[in-house]
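Heads up, the thing below is written out as structure tokens.
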Amino acid sequence: MSPNCASVSDLPLPSHLRVRAGKFVLRGALTLLLGCLVSGVSDALAADSVATESRMPYRHVIPLRDHNGDMITLPPAFDEQGKPQEPRGSPFSTAQTCGRCHDYPSISQGWHFNAATTNVPAGRPGEPWILTDPATRTQIPLSYRGWKGTFRPTDVGMSDYDFLVQFARHFPGGGVGEPPKDRIDTNDVRMRRMQITGALEIDCLICHNKHGHYDHEARYKAVTAENFKWAPTIASELGAYGASRPAKAFADAWRPPRPAPTNLPPVKYERHRFDAANHVLIDVTRKPSPNTCYYCHTSESNLGDSRWHSDGDVHIRAGMSCVDCHRNGIDHQVVRGYEGETKDRPVSPEAIALRTKLILRDDPSISEADARTLAETRLNAEVGKVETLSCSGCHYGSSDGLSAGRLGAPRPHHVGFPPIHFEKLACTACHSGPIPGNAAEIVHTSLAHKLGLPAPLRGANTAPAIVQPVFLRDANGKIAPHKMVWPSYWGTLSNGVVAPLLPEVVAKAVGDKLPSQAPADVERDPYNTKPLTNEQIRDILTALGAGRTNGEPVFLASGKLHRLANNEVTSETHAAAEPYAWPLGHDVRPASQSVGGVKGCADCHSGDSPIYFGTVTARGPVDPKDAVSKTHLEFRGDDETVVSTFAFTFKFRPMLKVVTFGCALILLGVIVGRAFVALSGARSSLGRHSK
């Protein structure tokens, strides 16, 4: 020790504090030494992904790293003078921490993150994000994947940054949340805020946290306050945001071209989570539980107390988990489980490069070109196994007849079921979703209604209004149940095309013409579900049209386009008002509760069969009598006369069976009688010959 440095024994402290301070100083020195050693080892491993390659999960006692890749080392609990020190540090980075051993770039190509990647097939339509604003009665289906009937966020004036603020509550990060720094346009008023808020990296612990130490509500509050790069640390309960002002406030105060502020708040870490080497136990699982999936994938149509009405998915009740079927490799291309999915899953260049590397490692004699060809061949063969994880693939086997009975799946018998049904119906038509009734019912979902986050009780009219099941034809031409939502928004009509207006644009343009709730109504109806009257629509359209020269103001709602004619509101059908629908796969019901299993043939082949004649009424912020209402067969474009006639014949099916069996018995009697006559004649002839 330098003679100019005071020892712990020289500090003006009571003896018991000097002993404690001495211990902490010694521990701090050891921690620093161990940290340097571990950092060196980790840096050595950082050049390549590492894996245990065991079915036993690895115990992750690891160092945390910040966004610069530096190990997060907490200061000692006491400084050299014995004063307490707060455990402050930079927020940890999942890309730098998890990416030390796991191939983060490959993970980033996963289905949950790659929606905005332009060269990725969109696959069959899935649930959209729905921009919802109760005040302006807006519900606009959004998707980066370009599914027909949805808008890309940029089409309605939303930047990627706006999208994150609106939907990051159920978005795991990556993709649009993690643009390369050199692609952040500093001229974009919204996107340049990410120089302060940081990127929203893939939060691995949303799915892979094992023991419930993940706070989704805390993450929701963090991303709403635009604390993007702090969100994973806060939500995983490693620490708390270390300032009273959120990153949003720092970004609001920043005025370019001044440099972005660098004195951003640290994290106040939970010291007990760190060991002496500044390592943290991150208890992870390779196989997330169904409860983990339910945060983003709950779908609830039994509004109120669903425990009385729903038994849940038959697979979950049997002890399976979601990821038994919805599997993925390191590329996180999660199997969606629909027939024909294989064609929507091209092998990525990243996967080919990784497999090529492994082949060259194991066989130095092979050329790189041949290794690449071999890698692509093997990967395409593996992708073919995706077919065995659909309903029919698991229970019946793939097209080559192999792999049936995966995970103990029984082979369905379907006794007496005419084979043509398998050509016309998807498995989900009979086995998935709620049992169909005379009318499609309202359903709430996590993505649309913020399920999983505390909020006032949601009701049947809480926007966005989604209904299920609606029996439409899927991409394979088979009838399958779908969810359906009708767009609702104010926009401008020009040359037959409707361009939506964002809620804030509408609110600014129309001012007090938007009906506001009376304070006494807010507690009764917190979601402002009272429909608009024609007079209110007229006043808002008039205000939107004042001084506007770039299109006619219109309002789309409940399947119709509303416009002004002679200062009166008229409504008409329009392509822009058509609903968006996506297939539903769960909850799966057992055979005894299936369509065709409850009442037999009459479930479908009757004059009031819900799958044909059930009504689907467009739900939206207008009077229900002004909404579009169709039957399932009308949505499918089926011929009602043919369907009704065929259903009518089933009334005579019992009589037909009696007549058929009666005729069969008579015919059998005739045959038996003729046989006896023939046999008697033969015996008589034999007797005469014997004489």
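Residue separation of Ala520 and Asp362 scaled by 0.36 nm, minus their Cα-Cα distance, works out to 49.6 nm of gained length. Using only the alpha-carbon atoms, how far is helix 368-383 inclined from the longest principal axis of the chain? Give it as 0 to 90 degrees, nearest 10. Tilt of helix 368-383: around 50 degrees. Restriction of the trypsin sites (Lys or Arg not before Pro) in the stretch 495-527 to DSSP coil positions whose beta-carbon has at most 12 other beta-carbons within 10 angstrom yields no sites. Taking 0.36 nm per residue of separation and subtracting the current Cα-Cα distance, fully stretching the chain between Lys530 and Ala565 would add 10.1 nm. The long axis of helix 349-362 is offset from the longest Cα principal axis of the chain by roughly 80 degrees. Once the Cα atoms of helix 15-45 and of the chain are each reduced to a long axis, what angle between those two axes, in degrees from 0 to 90 to the nearest 10, is obtained? With both axes taken from Cα atoms, the answer is about 60 degrees. Here's the list of aspartates and glutamates a cross-link from Lys357 could span, going by alpha-carbon distance under 18 Å and ignoring same-chain residues fewer than 8 apart: Asp48, Glu53, Asp103, Asp331, Glu368, Asp370, Glu376, Glu382.
Under 5 Å between amide hydrogens, built in the peptide plane, is the criterion, and for Trp111 it picks out Gln333, Val334 among residues at least 5 positions away or on other chains.
Restricting to Cα pairs below 8 Å that are 6+ residues apart, what does the relative contact order work out to for the stretch 366-471? Please round to a whole percent. Mind showing how you got there, number by number?
Details: 64 pairs, mean separation 17.2, N = 106.
With pairs under 8 Å counted, the relative contact order is 16 percent.
Here each label is just a point 7 Å from Cα along the line to Cβ, and for Thr615 and Arg59 those points are 6.4 nm apart. Around the Cα centre of the chain, unit charges on the Cβ atoms of Lys, Arg, Asp and Glu (plus for the first two, minus for the last two) sum to a dipole of about 1640 debye.
Restricting the trypsin sites (Lys or Arg not before Pro) of the stretch 273-372 to loop positions (DSSP other than H, G, I, E, B) with no more than 14 neighbouring Cβ atoms within 10 Å leaves Arg286. Model label points for Asp608 and Val50, set 7 angstrom from Cα along the Cα-to-Cβ axis, are 6.9 nm apart. For the chain, relative contact order (Cα pairs under 8 Å, six or more residues apart, normalised by length) works out to 12 percent. Neighbour counts of other Cβ atoms within 10 Å put Arg137, Arg59, Arg190 in the fewest-to-most order Arg59, Arg190, Arg137. By the beta-carbon count within 10 Å of each Cβ, the least crowded to most crowded order of Ile62, Ile671, Ile366, fewest first, is Ile671, Ile366, Ile62. In this simple spin-label model, placing a label point 7 Å from the Cα along the Cα-to-Cβ direction at both Asp188 and Asp623 gives a separation of 4.5 nm.
Tell me the mean residue ellipticity at 222 nm calculated for the chain from its helices only (DSSP H runs of n ≥ 4, each -39500 (n - 2.57), averaged over every residue, nearest 500). Before the final figure, lay out each step's value.
Values: 25 runs with 225 residues, N = 691.
Helix-only estimate at 222 nm: -9000 deg cm²/dmol.
Taking 0.36 nm per residue of sequence separation and removing the Cα-Cα distance, the Asn68/Arg406 pair yields an extension gain of 117.2 nm. Does a label point 7 Å from the Cα of Thr262, set along Cα-to-beta-carbon, have any residues of the stretch 188-215 with amide nitrogen under 16 Å, and which are they? Hits in the stretch 188-215 for Thr262 at 16 Å: 195-198.
By other beta-carbon atoms within 10 Å, ranking Ile611, Ile442, Ile666 with the fewest at the front produces Ile666, Ile442, Ile611. Over 21 Å apart at the Cα level, from the set Lys560/Lys625; Lys287/Lys343; Lys530/Lys560; Lys181/Lys210; Lys83/Lys248; Lys181/Lys287, are Lys287/Lys343; Lys181/Lys210; Lys83/Lys248; Lys181/Lys287. Rg then Dmax, both in Å and based on the Cα atoms of the chain: 32.7, 144.
Quick note: the coordinates plus some simple rules give every number you see, no bench work behind them. For clarity, every value in this text was computed on a predicted model and none was experimentally measured. Note that we place each Cβ from the backbone using ideal geometry, even for glycine, and neighbour counts take in every protein chain shown.
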